[in-house]
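The values are calculated or read from the model by the stated rules, or taken from the named source; none is laboratory data. Everything numeric in this text was worked out from a predicted model, so none of it was measured. Positions of Cβ are backbone-derived with ideal geometry, glycine not excepted, and every protein chain shown enters the neighbour counts. Just so you know, the surface numbers come from the protein's heavy atoms only, side chains and all, with ligands and any DNA or RNA stripped out. Shrake-Rupley method; radii C 1.70, N 1.55, O 1.52, S 1.80 Å.
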Amino acid sequence: MSGRESLVLAIESSCDETGVALVAGGRRILAQAVASQIVLHAPAGGIVPEVAARAHLRWIVPALTDVLDTAGVGISEVDAIAVTAGPGLAGSLLVGIAFAKTLAWAHERPLVGVNHLEGHLYAAWLLDPDEPERPAPPFPLVALVASGGHTFLVEMRDHLAYRLLGETVDDAAGEAFDKAGRLLGLGYPGGPAIATAAADARQRDATLPRAWLGPSYDFSFSGLKTALRRAVESELAAAGRPASDAGGRLDAARVSELAWGVQEAIVDVLATKTLRAADETAARAIVLGGGVASNMALRERIAIGSAARGLPLFVPRPGLCTDNGAMIGAAGWQRFVAGERAGSDLGARPAWPLVRPAGAPDTRRPPRRGAAARAYEAALAAERDAAGRSSTATTRGGIR
Ligand code: KG4
Ligand code: ZN
């Protein structure tokens, strides 16, 4: 099989979904399986890292078996194995990486380590098994990735080449949805719950603050959370209810109105900055990715703006916006055909940025004092050495 059509087996386990997929030519999904852990984490109101890692361990083999059976493909027919190497939860990443390494070793297949955020970007290139062919996004383009852990805008002038335009200075957009969901007593994950509640809002005038941060493309969502908490507390106090009952005791109609206000505030900032970035960089297309891109209000708002500009919008169907294996297959294929290979020493990189502002330091921060700090530094230095040795440079672009 030529490199262009090669078949990638992809593994994703960075957070709370176990994803396995077979992707041909970097675009066509042959089969995929996503084992979601939402029901496991919902009682805690957020992801419990050890629970997540144990669930990946439980579901990764059944997910692989399901995918191979559905596609009628054996591992020996696969040209490369791609796996998420970061960013994400260390314990979760390690399950997928150890599994992918073992498969690569046992079946003598090349291994490619993929940045999860690059996966969210390349989800826009994917085609479902029976979807008609359609053109790939043209360059230059502007891409917004908004997930539970990350929110950033990049310009892409070619494959695997990114210029960071802006990123969140505090909470990610998905995190803002999740925190707001908790404040409103809507449960986990907050994004879909807020979207559902917002759809029921009768009165649509709740105004929550937007942080525009001047002309920059950066985002900030922590003020929104504070404003929402104050609104909930003062409305509870006015009704003579204790503030500790935040959200849960506001009546459902008011929760819906506030949910609408939260969604509006987040969508307004994300859409306005993305469209302005497209204008200012003379982009030929807009790409959206990450769990928050499954939000219908955001999709509609950007669709209207891009149509008004005559720009094509590439946004994966909602199931491919949230974490999945296929997106790692799409990005992994790009890295594979660019000549990138990981060694058997591929490690987990929990805080791996897709692209760092020029001169910015690595964001991983060691514990501050004592022997633990020294041990952490030594381990990180060893990991960096290993990472430097294990991946050959790509021929184009690359993660900076
Ligand atoms: O990309 P993703 O599945 O995982 C990460 O890489 O973080 O994103 C998960 C995030 C969660 O914060 C979730 O609340 C948010 O995406 N999300 C949504 C929607 N669906 C998922 N946010 C707003 N509206 C939605 N419909
Ligand atoms: Zn993700």
Practice item. Go ahead and set up a Gaussian network model of the chain, Cα springs under 10 Å, then flag whichever of Ile60, Ile304, Ile81 fluctuates most. Key: Ile304
Review point. How many percent of DSSP beta bridges within the chain run antiparallel, rounded to 5?
Key: 60
Practice item. Taking the chain as the reference, fit the longest principal axis to its C-alpha atoms, fit the long axis of helix 370-390 to the helix C-alpha atoms, and give the angle between the two in degrees, 0 to 90, nearest 10. Key: 50
Point to revise | Highest-MSF residue in the chain out of Ile328, Ile194, Ile38 [GNM, Cα springs under 10 Å] | key: Ile38
Revision key, fill the gap. Averaged over all viewing directions, the convex hull of the alpha carbons in region 81-139 casts a projected area in nm² of 5.5
Review point. Relative contact order for the chain using alpha-carbon pairs under 8 Å, separation at least 6, rounded to a whole percent?
Key: 23
Revision key, fill the gap. In degrees rounded to 10, the 0-90 angle between helix 173-183 Cα long axis and the longest Cα principal axis of the chain is 40
Check your understanding: How much length is gained if the chain between Ser344 and Arg202 is pulled fully straight, taking 0.36 nm per residue apart and subtracting their Cα-Cα distance, in nm to one decimal?
Key -> 45.5 nm
Review point. Using modelled amide H (1.01 Å from N, peptide plane; none on Pro or chain starts), what sits under 5 Å from the amide H of Phe219, excluding residues fewer than 5 places away?
Key: Glu167, Thr168, Val169
Exercise for review: Could you list which residues have their amide H under 5 Å from that of Leu127, counting only those 5 or more apart in sequence or on another chain, with H placed in the peptide plane?
Suggested key: Arg28, Ile29
Check your understanding: Where nothing but the Cβ of Lys and Arg (+1) and of Asp and Glu (-1) is charged, how large is the charge dipole of the chain around its Cα centre, in debye to the nearest 20?
Key -> 860
**Study point:** ³J(HN,Hα) computed for each position of region 99-112 - Karplus, 6.51 cos²θ - 1.76 cosθ + 1.60, integer Hz, glycine/proline x
**Key:** 5, 5, 4, 5, 4, 4, 5, 5, 9, 6, 10, x, 10, 10
Point to revise | Per DSSP, loop GluC sites (Glu not before Pro) in region 105-161 with at most 12 further Cβ within 10 Å | key: Glu108, Glu133
**Study point:** Length gained when the stretch Ala239-Ile75 is fully extended (0.36 nm per residue, less Cα-Cα span)
**Key:** 52.8 nm
Check your understanding: What is region 145-273 by shape, rounded, prolate or oblate, if you read a ≥ b ≥ c off the alpha carbon gyration tensor as root eigenvalues and call it rounded for a/c under 1.5, prolate for a/b larger than b/c, and oblate otherwise?
Key -> prolate
Study note, to complete from the structure: Rg/Rh of the chain (Cα atoms, Kirkwood Rh), to two decimals, equals 0.98
**Study point:** Note, ³J(HN,Hα) from phi for region 187-193, Karplus 6.51, -1.76, 1.60, rounded to Hz, x at Gly and Pro
**Key:** x, 10, x, x, x, x, 5
Exercise for review: Tell me which residues come under 5 Å, amide H to amide H, from Ala80 once H is placed; ignore anything under 5 positions away on its chain.
Suggested key: Leu7, Leu9
Practice item. Order the following by accessible area, largest value first: Asp345, Asp128. Probe radius 1.4 Å; ligands, DNA and RNA are ignored. Key: Asp345, Asp128
Practice item. Over region 51-125, calculate the relative contact order: mean separation of alpha carbon pairs under 8 Å at least 6 apart, over the residue count, as a percent. Key: 34
Check your understanding: Per residue of the chain, what 222 nm ellipticity follows from adding -39500 (n - 2.57) for every DSSP H run with n ≥ 4, rounded to the nearest 500?
Key -> -13500 deg cm²/dmol
Study note, to complete from the structure: The ³J(HN,Hα) series, computed from each phi in region 267-280 with the Karplus coefficients 6.51, -1.76 and 1.60 at θ = phi - 60°, rounded to the nearest Hz and given as x for glycine or proline, is 5, 4, 5, 4, 5, 4, 6, 5, 5, 5, 4, 4, 4, 6
Review point. So which aspartates and glutamates pass the test for Lys273, namely a Cα distance under 16 Å, with those fewer than 8 places away in the same chain ruled out?
Key: Glu155, Glu167, Asp218, Glu264, Glu300
Point to revise | Of the trypsin sites (Lys or Arg not before Pro) in region 6-84, those whose Cβ has at most 10 other Cβ within 10 Å and which sit in DSSP loop | key: none
